[in-house]
Amino acid sequence: MEATGTDEVEKIKSKFMSAWHNMKYSWVLKTKTYFSRNSPVFLLGKCYHFKTDGMYSGELSTDGSNFDKINTEISGNVEEFRKDFISRIWLTYREEFPQIKGSALTTDCGWGCTLRTGQMLLAQGLMLHFLGRAWVWPDALDIDNSDSESWTAHTVKKLTASFEASLTAEREPKILSNHRAGTVKRNYDDNEKRNEVYHRKIISWFGDSPLTAFGLHQLIEYGKKSGKIAGDWYGPAVVAHILRKAVEEARDPELHGVTVYVAQDCTVYSSDVIDRQCSFMDSGKADTKAVIILVPVRLGGERTNMDYLEFVKGILSLEYCVGIIGGKPKQSYYFAGFQDDSLIYMDPHYCQSFVDVSIKDFPLESFHCPSPKKMSFKKMDPSCTIGFYCRTVQDFEKASEEITKMLKSSSKEKYPLFTFVKGHSRDYDFASSPLHEENNLFSEDEKKRLKRISTEEFVLL
């Protein structure tokens, strides 16, 4: 009886913690974000202008609440921006997912934010690969950011429901979702059907289940090879290496046409990248792999150096940029754009319920963020990882030339943030990481590098 009583106490404690996490991480979507009408807005290489010759002046809210004050031209452009932003895949804290191997954890609230921002960056790379940058989700604007029930009211309701469920020994609290029951059924043409299949498939690869390719469970398993366990804090550079291993080990044939390269000590070795693009291809195929290049960097010492602002803005202006894993001290964000000196980001610090992506037609709404957030560049933590996508070797060569020019123009008399060099890393007395290792996913060289990186990076909560 005593053991049973202890189990019940643990269950009640677990439900209270789950409800508390929802309360703690629910404020992220509460406040509106305003954009100036006088400056262009960039989102992963796309530029949006809200300015017009009309009489209205001031700021625009991207939730549509002040569309009545502005003319149709601006309103249309704001809606195009909203549709583009909402179409990006949003991956946040989740709760009540299958227990993580080797732990009692069923949520990543409080520690998994950098893994989530890394997932978002990889998801954008896969969207470029399978859908292209011009794709937008047809149902994007059906997500309502101003439901009659606020996000906070929903959280309070969930807190109460969790408490009641714990007292009545119910397995799941019974509450109404603040998401719409479902989007309106549309008639898709063949191309739209194909795109929607890939949209849903990409999201399914990031589901919080042990068997999904890029789900939290798998990423944590790869992180163990660098000394990380579930519940630890992960830095942007460590996550970059974990993502590389996850893509390498992915078994879905659809993913065999993509590889990930992580820069070594702020250096991208061109021949190593091209080798990755041309490696392990079937002899009958002439095509090479697409590559997602991840570059862990520091934008300053203890604080971000404002001299790097123009370079970061330039990077986010490129359509082949897949975003930045970064944040501010103690919080990780996925940076996807900017306006003036403010960065536009998606925030993973919102706790949502587990979604089983293995079921047919699983709900998509919680994987798309209804509202962008902005943050001043000067508040950014200097540790971050920048990502690019190149479909072909020619695309990589063009990107390396373009980014090198950008680096030179932004570096002034300082050393550039990172460099592209000809040849292989081994030509410069660096041990090149093997593409496949049977018993150990991280080489000794990588382990030393990751250990050094992990001591330099900020702590994430």
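The values are calculated or read from the model by the stated rules, or taken from the named source; none is laboratory data. Remember, predicted model here, so these are calculated numbers, not experimental data. Here the Cβ is made from the backbone with ideal geometry for all residues, glycine too, and neighbour counts use every protein chain on show. Accessible surface areas use protein heavy atoms only, side chains included; no ligands, DNA or RNA. Shrake-Rupley method; radii C 1.70, N 1.55, O 1.52, S 1.80 Å.
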Residues within the range 367-405 that are open to solvent by less than 10 Å² (accessible area, probe 1.4 Å) and among the small types (Gly, Ala, Ser), tallied:
4
State whether one or more residues within the range 83-95 are surrounded by 15 or more Cβ atoms within 10 Å (Cβ to Cβ), out of contact with any strand residue (DSSP E or B) (no Cβ under 8 Å at 6 or more places or on another chain) and at pLDDT below 90.
no
With (1) farther than 19 Å from Pro363 by Cα; (2) at pLDDT 60 or above; (3) part of a helix (DSSP H, G or I) as the list, and Gly110 as the residue in question, which single condition is left unmet?
(3)
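Kindly indicate whether Ser162 is more than 23 Å from Gly215 (Cα to Cα), at pLDDT below 50 and not in a helix (DSSP H, G or I). If you could, list the steps in order and put the result at the bottom.
Details: more than 23 Å from Gly215 (Cα to Cα): yes; at pLDDT below 50: yes; not in a helix (DSSP H, G or I): no.
It is false that Ser162 is more than 23 Å from Gly215 (Cα to Cα), at pLDDT below 50 and not in a helix (DSSP H, G or I).
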Among (1) part of a helix (DSSP H, G or I); (2) aromatic (Phe, Trp, Tyr); (3) open to solvent by 10 Å² or more (accessible area, probe 1.4 Å), where does Phe338 come up short?
(1)
Is it the case that the range 113-130 has a residue that's touching a helix residue (DSSP H, G or I) at 6+ places or on another chain (Cβ under 9 Å) and either open to solvent by 10 Å² or more (accessible area, probe 1.4 Å) or among the acidic types (Asp, Glu) (or both)?
yes
Failed criterion for Asn187 (all others in (1) modelled with pLDDT of 95 or more; (2) out of contact with any Leu (no Cβ under 9 Å at 6 or more places or on another chain) hold)
(1)
